[in-house]
1. Which of (1) within 22 Å of the chain's Cα centre (by Cα); (2) surrounded by 17 or more Cβ atoms within 10 Å (Cβ to Cβ); (3) in a helix (DSSP H, G or I) is the odd one out, the single condition His450 does not satisfy?
2. With respect to Glu338, is the statement that it is in contact with a helix residue (DSSP H, G or I) (Cβ under 7 Å, 6 or more places away or on another chain), free of Cβ contacts under 8 Å to residues at least 24 places away in the same chain and of a type in the set (Asp, Glu) true?
3. Looking at the range 189-220, which of the residues that are farther than 19 Å from Gln256 by Cα and among the hydroxyl-bearing types (Ser, Thr, Tyr) is surrounded by the fewest Cβ atoms within 10 Å (Cβ to Cβ)?
4. Among the residues of the range 147-160, is there at least one that is touching a residue at least 24 places away in the same chain (Cβ under 8 Å) and not in a helix (DSSP H, G or I)?
5. With respect to Leu255, is the statement that it is of a type outside the set (S, T, N, Q), part of a helix (DSSP H, G or I) and either loosely packed, with under 13 Cβ neighbours inside 10 Å or at pLDDT below 90 (or both) true?
6. Within the range 136-146, restricting attention to residues that are touching a residue at least 24 places away in the same chain (Cβ under 8 Å) and exposed (fewer than 15 other Cβ atoms within 10 Å of the Cβ), which residue is nearest to the ligand (Cβ to nearest atom)?
7. Show the residue pairs that are 6+ apart or on different chains and have beta-carbon atoms under 6 Å apart, the first residue being within the range 114-128 and farther than 14 Å from Arg443 by Cβ and touching a residue at least 40 places away in the same chain (Cβ under 8 Å), the second being within 9 Å of the ligand (Cβ to nearest atom) and part of a helix (DSSP H, G or I).
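The values are calculated or read from the model by the stated rules, or taken from the named source; none is laboratory data. For clarity, every value in this text was computed on a predicted model and none was experimentally measured. Note: ideal-geometry Cβ built from the backbone for every residue, glycine included; neighbour counts use all protein chains shown.
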Amino acid sequence: MDFITILYYVIILIISYTLTKTLLLHKLRNLPPTPFPTLPIIGHLHLLKSSDSNPIHRALSQISSRYGPIVFLQLGSRPTLLVSSASAAEDCLHHNDVIFANRPRLIGNKILAYESTTMLWAPYGPLWRTHRRIASTEILSPHRINLLAHIRADEVVQLVKGIFVKGRDQAVDMKTVLVELTNNVMMRTIAGKRIHGEEEGSEFSTRFKMILNELVTSGGAFTMVDFLPWLKWVGVEKMAERKWMKIFVKLDKFLQDLVEETRKGLEKEGGSEGQNRNLIQVLLELKKTNPDYATDTIIKGLVEILLLAGTETSASTMEWALALLIKNPHVHQKAKEEIDAYVGYDRLIEESDLAHIPYIHYIINETLRMYPVTPILLPHESTDDCVVGGYKIPKGTMLQVNIWAIHNDPKVWDEPLVFKPERFEGVTGDRIGYKFMPFGSGRRACPGEHLATRLIGLTLASVIQCFEFEAQEVDMKEGVGLSMRKKNSLKATFRPRKELAHLLTQM
Ligand code: HEM
């Protein structure tokens, strides 16, 4: 056989494979619509082309506009369900909540997430259930969140002071100061220590920042081997593992040092009581009643996830919200008037005031609608066959819910591109069905929602109460990657409001 004949047979084989797979088998199995063609080996991976101007949630949204709100993708070896309507999301996260409560096993998590045992990546089962029980009773319960209110209040005052000193003469890089705020709040909550401020330059602070930076820039949750497992035969998995191992060794040592330090403190002083107990102390005490659960590995995994999930998410949301306020002065003015009417000019706003100034909550919701920091929910995976929108979804299918597409769908939102916090007026509870779910929904929904909204609410309200702010240029470009950050950080100047100047100068 000459080369031309071989090529001819290969082409015939590829065409018959794609036709059979995409058209015939697909219809027979009652799977959702799927883009044509499904290429051999890579399937639809070639469609996931994101770029600076077209981040991945937009690329996926373009696929959905062409094939519908329920699309079946073959991402290399992974069957994937892409969902981008409220009713399909409800089918997945409510009607089939238990079936989709699993997470896919991803290679990076074998190393970086302690063999996928952290709350975020643990498979649906007894360990994950214990994580969530402990989180909802000991870590993120309303009671503990209230006990630790003094940390948030103190850190927000430090932020206001910092802006007061810097913001008049020079533009403040909001990304930097907001990440510093959330890092300090989370680390004080977890280990009773600050990272920034007087700690700046200390060995502890430098190590933390270096490790966090390496983790964030390590390339996200997925790697090519997750979709093309045969790549491990050519050494690609080993290469990635070596890279992750280097980061993991530093991360694990850092977290182990934190645990040891806290353990020694507890042995020496017996620990602190009530509001002064930090999270690691709480977890080490839990060892007495849950020895199998509260192992050092589990504690380190929990601390890692809380630091990763609880810092950038809130900081990015606050940065988007401030940018939106600068671009929409009428909203800024209305928020200011609401705060002034309730709090007056003789004291700074406190967390307990937030329940009485609902407009701030609408601003947060509207920001999360337009710019959800997790535009595509974390991946879920089905543990059984199920039905979504009338289509059959096989066991072992990865689920990607594009909440950005749902939040910006003109069929369910009036003028979705317009920043209109008023649309949340009169909404009771935190959600409007499945058309708004920045924190996910169902069993795997975010357990940090209340902590996040408290901190975001207090910070925004404090900045609005104390300052007039503006920026020379506010661009709303989205960065690339799985989390939706601003591409260029917001740089704003701040003038103390004259009504509040007497309080600010006394700080
Ligand atoms: C604006 C702030 C935040 C947003 C928008 C957000 C959003 C989300 C989303 C969309 C998920 C995935 C839900 C799913 O897979 O269906 C998630 C999971 C999670 N979040 Fe958050 N989050 C925020 C802040 C926080 C904070 C402050 C914490 C903790 C201190 C936290 C801890 C977690 C954890 C542990 C999970 C994994 C839950 C599980 O798999 O069982 N998040 N978050």
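1. Looking at each condition in turn, His450 falls short on (2).
2. Yes: the conditions hold for Glu338.
3. Per the criteria, the residue is Thr217.
4. Yes, the range 147-160 contains at least one residue that is touching a residue at least 24 places away in the same chain (Cβ under 8 Å) and not in a helix (DSSP H, G or I).
5. It is false that Leu255 is of a type outside the set (S, T, N, Q), part of a helix (DSSP H, G or I) and either loosely packed, with under 13 Cβ neighbours inside 10 Å or at pLDDT below 90 (or both).
6. Ser136
7. Matching pairs, first to second residue: Thr118/Ile305.
This table checks each residue for (1) part of a loop (DSSP other than H, G, I, E, B); (2) within 16 Å of the ligand (Cβ to nearest atom).
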{"residue": "Trp413", "(1), (2)": "yes, no"}
{"residue": "Leu417", "(1), (2)": "yes, no"}
{"residue": "Glu422", "(1), (2)": "no, no"}
{"residue": "Gly440", "(1), (2)": "yes, yes"}
{"residue": "Gly457", "(1), (2)": "no, yes"}
{"residue": "Leu460", "(1), (2)": "no, yes"}
{"residue": "Val480", "(1), (2)": "yes, no"}
{"residue": "Thr493", "(1), (2)": "no, no"}
{"residue": "Met507", "(1), (2)": "yes, no"}
